[in-house]
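Below is one structure; the comments refer to it alone.
Coordinate-derived values only; no laboratory data. In this text the structure is predicted, and so the values were computed from the model without any measurement. Here the Cβ is made from the backbone with ideal geometry for all residues, glycine too, and neighbour counts use every protein chain on show.
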Amino acid sequence: MLSLLARHADVVAVDLRGHGRSGGRSTVGDAEVLDLAAAVEWARRQGYREVVTIGFSLSAAVAVCHAAGVRGTGDTAPDAVIAVSGPARWFSRETAPMRRVHWLLEQPHGRLTARLLGVRLDGPWGRVPLSPVEVVGTVAPIPLLLVHGDADPYFAPAHAHALHRATGGHAELWLEAGMGHGESGTGADLTDRLARWAIGTVGGGPRTGAADPHTVPPAGAPGGASTVVSSRSPGSEVA
């Protein structure tokens with residue numbers, strides 16, 4: 001996926017805290033907005049004029065909350081946001097996969113299993129952070145694209161509809177037939193469409209997700225380029 005996105009723009013891929021090569025412990029959507037803020041700030045320092053954030057699953061919620069300025073991150077706001085397969089609210093247990101995720105988060109043996117899967121979890125929340133549906137209405141005027149599959153086994157399309165309603169129609173919503181969840185459910189065609197939407201939105205190219213015979217040329221070097229900051233938290237897709 002990253003190589004496909006990189007055909008259109010430079011890509012900064014970020015492992016959120018507690019995942020991959022990043023240190024720290026995962027707070028499952030709370031403090032991760034600070035990680036994304038740091039990545040956007042870094043991209044700006046490199047000279048990128050346009051920055052689009054894209055998140056999948058838990059990271060989609062992080063991208064929405066970051067763009068909304070949660071935890072004082074408003075001064076690092078991106079130029080556009082793409083949220084794929086994201087939840088509208090926390091504590092979603094209506095599907096079997098999400099019930100398994102909550103077992104990982106809440107039970108001692110589950111937390112140990114999560115570590116074996118490569119996810120290092122922090123302790124329980126001391127306070128419940130604002131959920132994406134509570135803050136998404138403040139993302140405007142930043143362009144926001146919500147993408148959700150009708151075959152998502154984790155979060156039903158109702159989550160995307162709730163987020164879209166909460167924006168008052170500001171967000172663009174793509175409901176994808178047959179699409180599953182997150183990065184694993186995002187095929188090459190959809191990845192290409194996401195990249196073209198991002199470049200078209202911030203760079204003046206065609207802002208569309210429809211099939212287009214024209215190819216958007218790659219954005220050149222830092223200093224005049226657009227970049228996509230992709231935040232990743234693969235542990236949120238534990239099946």
For the chain, what is the calculated [θ] at 222 nm in deg cm²/dmol (nearest 500), taking -39500 (n - 2.57) for each run of four or more DSSP H residues and dividing by its residue count? -9500 deg cm²/dmol
So if R0 is 35 Å, what FRET efficiency would residue 96 and residue 130 give, r being the distance between their Cβ atoms, rounded to the nearest 0.05? 0.85
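If you take the square roots of the eigenvalues of the alpha-carbon gyration tensor of segment 128-208 and sort them as a ≥ b ≥ c, do you get rounded (a/c under 1.5), prolate (a/b over b/c) or oblate?
Details: a/c = 2.08, a/b = 1.06, b/c = 1.96.
It comes out oblate by the Cα gyration axes.
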Say each of residue 122 and residue 150 gets a label point 7 Å from the Cα, pointing the same way as Cα to Cβ; how far apart are those two points in nm? 3.9 nm
A chain fully extended from residue 41 to residue 115 at 0.36 nm per residue, minus the present Cα-Cα distance, gains in nm 23.7 nm
